Amino acid sequence: MRNETWSEICYVLGSGIKDSVLEKEYENAVVNCMMILGWKKFKGEIETQYAVQTGHEKKYADIVIMKDGMEQFVIEVKRPVHVLQEEDERQLFSYMRLLRHKVSFGLYIGDKIRLYYDDDSSQQFPEPVFSVEINENNPDGITFTELFSKDTFDTRTLTEFCKKQKDAISEKNRINEEVNRLLADDTGQTFKDLLRKMYLEKGKSKEWSDAVLSKIRLEVSPANDRVAMKQTLQIKTDMPLASFKPHDRTRYGLLGSRPLPKRKLVLEVVRNFVKNNPGKTYDEYSGILNRLRPDSQGVIRPLDALSGKRLIRYFTEEHNRFLSSDGVIFVVCNQWGDFNIEPVVKFAESQGYDVVRYVPED
């Protein structure tokens, strides 16, 4: 039954996405989806253009879902072709907190469905904890229908789900930061130090350990494993070794370009986006682009915020620098692998940039 419900939602929203409908028409499609999930308009459970008092003025939330006369969650709707902006989120957050009864859950529905959670125990703004691609074969869609169907909707269950998602995202971010730290070690010194420690613990002398390590060169590259994000340690000496797993060598064509390595693809995606969207402040560019890589390196960073070894992780050449409308010179990160390139590819495609993958034959 849940499979059929999600399939129907995909059919309704997918039609709007395919036709690039206007926002009001897409809002009507979202209302229809709430009805598919069991919420009733005639009972006052689906309120559109819901008045919200913000200071001295009144604004209107796109959709608010009610139960027993109390707000349960709020929905912000944007056209499927709209690129999510920070101000879109801030607007959703203000509705969540300024309704007559503050709600902890907000949905942003555009090209995909995003769930935001406002944790009462945190002083931070609501955070995105769950994202659902509108695809009939997406198992996350079944989870969405179970959480938001009227007959199974429960704020305690949804709160527990959101907290688990927050914990999982935090752990993933910590893993990504550690992976990026290891990948930034171009000399493999981190692993040499660990090997030296192991040899010393086994009773080998420092001289013996150093002699062994001096004969090898270590290179760390992202493994071709999107799920586990394991790292392949490549060891090169003057002697033949057993075969090792090669790093992903996929290249990408962008808007008819020659095949580009991942780092050059990202640079050109940013170049095209800035060219097609001039006049934005750095914070506006950052709010859009750094969502594609929410770690300490990000997609872009101000040039004057970088120093020392961090500079080598970015395209700092003068012809690869960008200038925002508020005078900030910013540069693009060059540390990219198979485990973190996909969000950039999807973003490029959402902007209408034709992306072609070139996968080398083994």
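Some notes on this structure:
- Gyration tensor verdict on the range 2-168 (Cα atoms; rounded if a/c is under 1.5, prolate if a/b is larger than b/c, oblate otherwise): rounded
- Given charges at Cβ of Lys, Arg, Asp, Glu: the chain dipole, positive-most of TYR11, VAL83, TYR252: TYR252
- Positive end of the dipole of the chain (Cβ unit charges, origin at the Cα centre): among LEU158, GLY279, ASN180, the Cα lying farthest that way belongs to ASN180.
- Near GLU136: Cβ cut-off under 11 Å, other residues only, Lys/Arg at +1 and Asp/Glu at -1. The net charge is -3.
- Taking label positions 7 Å along the Cα-Cβ direction at both LEU195 and LYS309, the computed distance is 1.8 nm, reported to one decimal.
- Note on the range 251-358: with charges restricted to the Cβ of Lys and Arg (+1) and Asp and Glu (-1), its dipole about the Cα centre is near 360 debye.
- Listed residues PRO139, GLN53, GLY69: farthest to the positive end of the dipole of the chain (Cβ charges): PRO139
- Charge dipole (debye, nearest 20) of the range 2-168; +1 at Cβ of Lys and Arg, -1 at Cβ of Asp and Glu: 400 debye
- Inter-part distance, the range 96-138 to the range 282-361, computed on C-alpha centroids, equals 26 Å.
- Charge dipole (Cα centre; +1 on Lys/Arg Cβ, -1 on Asp/Glu Cβ; no other charges) of the chain amounts to roughly 1080 debye.
- Cα-based convex hull volume of the chain per residue, rounded to whole Å³: 204 Å³
- Cross-link pairs LYS275/LYS346; LYS18/LYS40; LYS58/LYS112; LYS18/LYS150; LYS78/LYS346 - those with Cα-Cα distance over 21 Å: LYS18/LYS40; LYS58/LYS112; LYS18/LYS150
- R0 of 25 Å, Cβ-Cβ distance VAL81-LYS275: FRET efficiency to nearest 0.05: 0.85
Bear in mind that the values in this text are calculations on the coordinates, not laboratory data. Remember, it's a predicted structure, so these values are computed and weren't measured experimentally. Because the Cβ atoms are built from the backbone with ideal geometry, glycine has one as well, and the counts that use them run over all protein chains shown.
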